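Take a look at the structure set out below.
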Amino acid sequence: QAQLVESGGGLVQAGGPLRLSCVASGSIFSIKVMGWYRQAPGNARELVAVITSGGSTTYADSVKGRFTLSRESAKNTVTVYLQMNSLKPEDTAVYYCNAVKTLNYWGQGTQVTVSS
């Protein structure tokens, strides 16, 4: 199994930056995809950005050009970073880290609030 620990959420003013981190540990050797999803109140969970083990990234249209996803591998961990710039109030949501092996693994979620 893989364990995911997220950090970096908080309150930021519109136009400001924020960086989220997610550390995967445990059984990480066969993680195929890692990334971030978000869920705003009353909405379904949606993809924000994901990166494959080969380094290919996919972004939601709403965040292209503003968010950047990167990945760093160490001996026993894999970390993904989501750099969020030019944040908008509509980016407010709980952000969840996700890792895909044969199963989906989720972090506990971190709140991002963008004030106008």
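Quick notes
- Counting only protein heavy atoms and a 1.4 Å probe, the chain has 52 square angstrom of accessible area per residue.
- Taking trypsin sites (Lys or Arg not before Pro) as exposed when their DSSP state is a loop state and no more than 16 other Cβ atoms lie within 10 Å, the longest site-free interval of the chain runs over 1-31.
- The chain - charge dipole about Cα centre, Lys and Arg +1 at Cβ, Asp and Glu -1, debye rounded to 20: 220
- Amide H within-cut-off set for residue 92, under 5 Å, with H built and near neighbours excluded: 114
- The 3J(HN,Hα) values that the Karplus relation (6.51, -1.76, 1.60; θ = phi - 60°) gives for region 74-79 are, in residue order, 10, 4, 10, 9, 10, 10 Hz. Gly and Pro appear as x.
- Taking a straight Cα-Cα cut-off under 17 Å and skipping sequence neighbours fewer than 8 places away in the same chain, the aspartates and glutamates within cross-link reach of residue 88 are 46, 61.
The values are calculated or read from the model by the stated rules, or taken from the named source; none is laboratory data. The structure presented is a predicted model; accordingly, all values stated were derived computationally and were not measured. Here the Cβ is made from the backbone with ideal geometry for all residues, glycine too, and neighbour counts use every protein chain on show. Surface areas here come from the heavy atoms of the whole protein model, side chains and all, with no ligands, DNA or RNA. Shrake-Rupley method; radii C 1.70, N 1.55, O 1.52, S 1.80 Å.
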